[in-house]
1. Kindly provide the helix-only [θ] at 222 nm of the chain, computed as the sum of -39,500 (n - 2.57) over DSSP H runs of four or more divided by all residues, to the nearest 500 deg cm²/dmol?
2. So between residue 175 and residue 96, what do we pick up on full extension, going 0.36 nm a residue minus the alpha carbon distance?
3. I'd like the distance between the alpha-carbon centres of region 129-174 and region 23-79, rounded to an integer number of Å.
4. Using only the alpha carbons of the chain, determine the length spanned along each of the three principal axes and report them from longest to shortest in whole angstroms.
5. Can you compute the radius of gyration and Dmax for region 92-186, using only the Cα atoms, both in Å?
6. Against the longest principal axis of the chain, how steep is helix 161-183, in degrees 0 to 90 to the nearest 10, with axes from Cα atoms?
7. Could you list the chymotrypsin sites (Phe, Trp or Tyr not before Pro) in region 92-186 that lie in coil according to DSSP, counting only those with at most 15 other Cβ atoms within 10 Å of their Cβ?
8. Taking the full set of protein chains and a 1.4 angstrom probe, give the accessible area of residue 39 in square angstrom, rounded to the nearest 10.
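The values are calculated or read from the model by the stated rules, or taken from the named source; none is laboratory data. The structure presented is a predicted model; accordingly, all values stated were derived computationally and were not measured. So basically every Cβ, Gly included, is an ideal-geometry build from the backbone, and we count neighbours across all protein chains shown. We work out accessible area using only protein heavy atoms, side chains counted, and drop any ligands, DNA or RNA first. Shrake-Rupley method; radii C 1.70, N 1.55, O 1.52, S 1.80 Å.
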Amino acid sequence: MGRRITHPSNGTGAVDAGAAGTLAQDAQWAGERRSAVGVAALLLTALFGLDAGAGRLDMTRGALWTGLAVLVFVILLPLRVSTRPGLLSARGLFTEHTVRTDSLVSVRWSDGVSQRMILRDSEGSRVEIDPRVLVRNPAMWRHLDADAQTSIQRGTLLCGATAMRQLAKRIDGETARTVFKVSGLD
C-alpha cells in the first residue's frame, strides 16, 4: 500500500493511500477465504486418499495434486476490497489495484460468467470488482457513492452515471428486502 496519492481533502500534500480516512472492508471476505481454503484442502485430501487407496501415490503425483489444490485456492480466493474516502482498493494474492474514487472518469459493467464493475480514475488506474461486495457492505457503498457524486460535480465522471444508478437501485432493493425480512413482512 505504499503508493503515494495526492488527496484533495488535505490540500496539496501527498498522503499514503492507507493512511487517512475511515476504512471500510468487505465483512464477508474472511468467510470466503475460509471457503477457498476448505475447498482446496478437501480436493487435496480426496485426491491423496484416492491415489493412496489405489496404491499409486508417489512424490510426483503428490506434487501434482498439491499444485492442483493450490491452483484451485488461487482461483477461488476473492479480492479483498476496501474503501476509504477518495479511494477504493482491490487486493488479490499477488496484486493490488487502487483507484481515486473522487476523480473517476468511467464506471461500467462487464458482463460474462460473473458480473463485474470496472472503475477508472483520471490517473489511468483501473479496478475491477464484484458489485455484490458493495451490495452487502453499506459503508463501502456510501464511500463510493459520495465520491462518485464528487466526480460528477467536478465533471470527471463522463461515463458511468447510469451504472451507478443501476447499482444504487440494486442496493436499495436489497435493503428493502432485508428490512421486510427482519420485520417479518416478507
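1. Mean residue ellipticity at 222 nm (helix-derived): -16000 deg cm²/dmol.
2. 25.5 nm
3. Answer, in whole Å: 34.
4. That gives 68, 49, 28 Å along the principal axes, largest extent first.
5. 14.5, 47
6. Approximately 70 degrees, to the nearest 10.
7. 94
8. 70
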